[in-house]
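**Q** This is the structure, below, for whatever I ask next.
The values are calculated or read from the model by the stated rules, or taken from the named source; none is laboratory data. All values reported here derive from a predicted model rather than from experimental measurement. Virtual Cβ from ideal backbone geometry, glycine too; neighbours counted across all protein chains shown.
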Amino acid sequence: MHDIFDKEFKIKNQVVVYEHKNFPMKNINVDFPKMKNGDSFEDVINFLGSAELVITNSYHGAYWATLLKRRVVIMQPFSSKFFGFRHPLVIANNFDIKDIKNIPIYPNALNDARKANIKFAKRVYDRIK
């Protein structure tokens, strides 16, 4: 629901890497800009929004990048939660940058997520009133 997702982000990087601090990714090109989770929410969103493609092994990184209408590749997933996104994401152990245009973008993901949040909030409110 955060209004930072309404911001228009200029693509400054073809690829960025957003890594979970407890699960370092192996064999990732170090020439790409890289960030680990743990920074401020705004810094993370600005970082993810700066790229055409986000390579990540962070659940929230994948989710937020999808809401930002970015291409996402989940590399080396360490949990089953990566397989349950509403909008299916590419999951890989290796990735060839030549395949970037084959990675989907979900332009309605943010609206879908906001509608689901509002619907859930209404269900909770109806139960507690």
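**Q** Quick one: would you say residue 32 is out of contact with any Asp or Glu (no Cβ under 6 Å at 6 or more places or on another chain), hydrophobic (A, V, I, L, M, F, W, C), assigned to a loop (DSSP other than H, G, I, E, B) and at pLDDT 95 or above?
**A** When the stated conditions are applied, residue 32 does not pass them.
**Q** Please specify each residue of segment 10-22 satisfying the condition of being under 22 Å from residue 68 (Cβ atoms) and either of a type outside the set (D, E, K, R) or under 15 Å from the mean Cα position of the chain (by Cα) (or both).
**A** If the condition is that a residue be under 22 Å from residue 68 (Cβ atoms) and either of a type outside the set (D, E, K, R) or under 15 Å from the mean Cα position of the chain (by Cα) (or both), then 11, 13, 14, 15, 16, 17, 18, 19, 20 are the ones that fit.
**Q** Taking the conditions exactly as written (of a type in the set (A, V, I, L, M, F, W, C), modelled with pLDDT of 95 or more, crowded, with 17+ Cβ neighbours inside 10 Å and within 9 Å of the chain's Cα centre (by Cα)), does residue 53 satisfy them or not?
**A** no
**Q** Starting from segment 1-21, keep only residues that are among the charged types (D, E, K, R), then list their pairs with residues that are exposed (fewer than 11 other Cβ atoms within 10 Å of the Cβ) and part of a loop (DSSP other than H, G, I, E, B) whose Cβ atoms are within a distance under 8 Å, requiring at least 6 positions of separation or different chains.
**A** These pairs meet every condition: 21/38.
**Q** Filter segment 52-90 down to the residues that are in contact with a helix residue (DSSP H, G or I) (Cβ under 6 Å, 6 or more places away or on another chain), in a strand (DSSP E or B) and hydrophobic (A, V, I, L, M, F, W, C) and list them by number.
**A** Once the filter is applied, which keeps residues that are in contact with a helix residue (DSSP H, G or I) (Cβ under 6 Å, 6 or more places away or on another chain), in a strand (DSSP E or B) and hydrophobic (A, V, I, L, M, F, W, C), segment 52-90 yields 53, 54, 72, 74.
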